[in-house]
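*Asks:* I am attaching a structure below and will ask some questions about it afterwards.
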Amino acid sequence: MAEQPQTVGFLLIPGFALMSYAAAVEPLRAANLLTGRELYRWVHISPGPAEVAASCGATVACTVTAGTPVDLDLLLVCAGGRPASFRDKATLGWLKALAGRGMRIGGVSGGPVILARAGIMDGYHMTVHWEHAPAVSESYPNIMLSRSIYIVDRNRLTCAGGIAPLDMMHALIAERHGPALARQVSDWFMHTDIRPAQSAQRASLTARYGVHDSRLSQALDLMDSHPGEALKRGETARRIGLSARQLDRLFSEKLGVSYASHYRKLRLERARDLLRQSAAPISEIALGCGFSSASHFGRAYREAFGVTPASERRPAPGSERN
């Protein structure tokens, strides 16, 4: 076992995801408890306020302000559902300076978006919560983005959030103190199914839609992978070996909706993610999601969600997610 305690800093961005933060810090506490030794120390860091509120309203007191000299072995940035709206230049500059000094830095849930905004992910593989992925791909085309639950690439760690930090912390504890202790910590939290880093973030299409027809699964997969430039019904049917009429009947019988209606729903959901997570112009998002004009997009969006596209860019208190 390593003799010196590791100090982990948690930079809490207002609206951070409480579950993701807890899943990252609690394994450190458990490791200390189970060994009867101080293997880890942690410090809470704020971009400014003395207390930072999570998306659910719970607050965490912070003893360090971003920019203040602090001795850390690892810094984890915890953010919530609207990380693209965080634009504090001092904090972003501090992150860049720490990266320049070779510090090991990670992001949890929306945290990887903050790392990208700080300009410290170029040349690294990273992951992020699936809700943020479309916006990250649009805003940072040079970043090597994966849909894994977590990625450790040299001195950068990124984690998709939710309960995935439990899996990442298992790997980090095993790295420093061995797999036996990591297993004890995971068992402490009854997290017995340890997932490898490359595990999927979401359930399979079969599980999500409750379908077991291989042809429909293929069609859904094709649609899911072409959310912007929509595949024509006839092209999708041809690729899975059906006629357009058979494809329509398949959607009607298995999902209760038409092919066109389901595709429209997918495009609108992608547009909503981009509106919430990126600064791209609404007209650009409309065209990128397959709508002929901003006005056409606006009508469809209001019909689907009951609000205008512009209103999605005015976050309500407590609206941050994941």
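*Asks:* Along its principal axes, what span do the Cα atoms of the chain show, with the longest given first and each in whole Å?
*Replies:* If we take the Cα atoms of the chain, the spans are 68, 41, 35 Å.
*Asks:* Give the long-range amide H neighbours of residue 7: residues separated by 5 or more places, or on another chain, with amide H under 5 Å away, using H modelled in the peptide plane at 1.01 Å from N.
*Replies:* Long-range HN contacts for residue 7: 41, 73, 74.
*Asks:* How much mean residue ellipticity at 222 nm does the chain get from its helices, if each DSSP H run of length 4 or more adds -39500 (n - 2.57) and you divide by all residues, to the nearest 500 deg cm²/dmol?
*Replies:* Value at 222 nm, helices only: -13000 deg cm²/dmol.
*Asks:* For the chain, find the longest principal axis of its Cα atoms and tell me its angle to the long axis of helix 18-35, 0 to 90°, nearest 10.
*Replies:* Around 40 degrees separate the two axes.
*Asks:* Something else now. Looking at the square roots a ≥ b ≥ c of the eigenvalues of the Cα gyration tensor of the stretch 121-169, which shape do they give, rounded for a/c under 1.5, prolate if a/b is larger than b/c, or oblate?
*Replies:* oblate
*Asks:* Taking only Cα atoms and a 10 Å spring cutoff, compute GNM fluctuations for the chain and point out the largest among 233, 272, 195.
*Replies:* So, out of 233, 272, 195, the one fluctuating most is 233.
*Asks:* OK, next. Let me check I have the definition right: for the stretch 1-110, take the eigenvalues of the Cα gyration tensor, multiply each by 5, take square roots. What are those semi-axes in whole Å, largest first?
*Replies:* With the √(5λ) rule applied to the stretch 1-110, the semi-axes are 23, 18, 11 Å.
*Asks:* If you average the sequence gap of Cα pairs under 8 Å that are 6 or more apart and divide by the length of the chain, what percent do you get for the contact order?
*Replies:* Relative contact order here is 16 percent.
*Asks:* Please give me, ordered by residue number, the trypsin sites (Lys or Arg not before Pro) of the stretch 79-185 that lie in loop per DSSP and have at most 10 other Cβ atoms within 10 Å.
*Replies:* Details: sites: 87, 89, 96, 101, 104, 117, 147, 154, 156, 176, 183; in loops: 87, 101, 104, 147, 154.
Answer in residue order: 87, 101, 154.
*Asks:* Moving on. What is the magnitude of the charge dipole of the stretch 6-188 about its Cα centre, with +1 placed on the Cβ of each Lys and Arg, -1 on the Cβ of each Asp and Glu, and no other charges, expressed in debye to the nearest 20?
*Replies:* That gives the stretch 6-188 a dipole magnitude of about 260 debye.
*Asks:* At q = 0.11 Å⁻¹, what log₁₀ I(q)/I(0) does the stretch 79-214 have when each alpha carbon counts as one equal point scatterer in the Debye sum?
*Replies:* -0.44
*Asks:* Please report Rg over Rh for the stretch 205-313, where both radii come from the alpha carbon positions and Rh follows the Kirkwood definition.
*Replies:* 1.01
*Asks:* A further question follows. So what is the relative contact order of the stretch 226-311, in percent, for Cα pairs below 8 Å that sit 6 or more residues apart?
*Replies:* The normalised contact order for the stretch 226-311 reaches 26 percent.
*Asks:* Which one of 27, 95, 125 has its Cα pushed farthest toward the positive end of the charge dipole of the chain, where Lys and Arg give +1 and Asp and Glu give -1 at the Cβ?
*Replies:* So the residue we want is 125.
*Asks:* Given charges of +1 on the Cβ of Lys and Arg and -1 on the Cβ of Asp and Glu, with all other atoms neutral, how large is the dipole of the stretch 46-141 about its Cα centre, in debye to the nearest 20?
*Replies:* Computed charge dipole of the stretch 46-141: roughly 180 debye.
*Asks:* How far is helix 164-177 tilted off the main Cα axis of the chain, in degrees rounded to 10, range 0 to 90?
*Replies:* 40
*Asks:* Sticking with this structure for a sec: Run through the DSSP bridge list for the chain and note the antiparallel percent, rounded to the nearest 5.
*Replies:* The antiparallel proportion sits near 25 percent.
*Asks:* Just to confirm the number: angle between the C-alpha axis of helix 259-277 and the first principal axis of the chain, 0 to 90 degrees, nearest 10?
*Replies:* Roughly 30 degrees, rounded to the nearest 10.
*Asks:* Further, regarding this structure: Which whole-Hz couplings ³J(HN,Hα) result when phi for each residue of the stretch 231-244 is put into the Karplus expression 6.51 cos²θ - 1.76 cosθ + 1.60, θ = phi - 60°, listed in order with x for Gly and Pro?
*Replies:* Values per residue, Gly and Pro as x: 6, 5, 4, x, 5, 4, 4, 4, 5, 9, x, 10, 7, 4 Hz.
*Asks:* Of all beta bridges DSSP finds with both residues in the stretch 6-188, what is the antiparallel percent, to the nearest 5?
*Replies:* 20
*Asks:* Can I ask one more? Find, among the GluC sites (Glu not before Pro) in the stretch 214-303, those assigned to loop by DSSP (not H, G, I, E, B) with at most 12 other beta-carbon atoms within 10 angstrom.
*Replies:* 229
*Asks:* Follow-up. Mind sorting 240, 173 by how few other Cβ atoms lie within 10 Å of their own Cβ, fewest first?
*Replies:* Lowest to highest Cβ neighbour count: 240, 173.
*Asks:* Which whole-number percent is the relative contact order of the stretch 1-152 (Cα, under 8 Å, 6+ apart)?
*Replies:* Result for the stretch 1-152 is 21 percent.
*Asks:* Normalise the Debye intensity by I(0) for the stretch 223-284, one equal point scatterer per Cα, no solvent, then take log10 at q = 0.24, 0.26 Å⁻¹ and round to two decimals.
*Replies:* So the normalised log intensities work out to -0.98, -1.09.
All of the numbers you see were taken from the coordinates with simple rules; none came from a lab. The structure displayed is predicted, hence computed values, not measured ones. Positions of Cβ are generated from backbone atoms using ideal geometry, with glycine treated the same way; all protein chains shown enter the neighbour counts.
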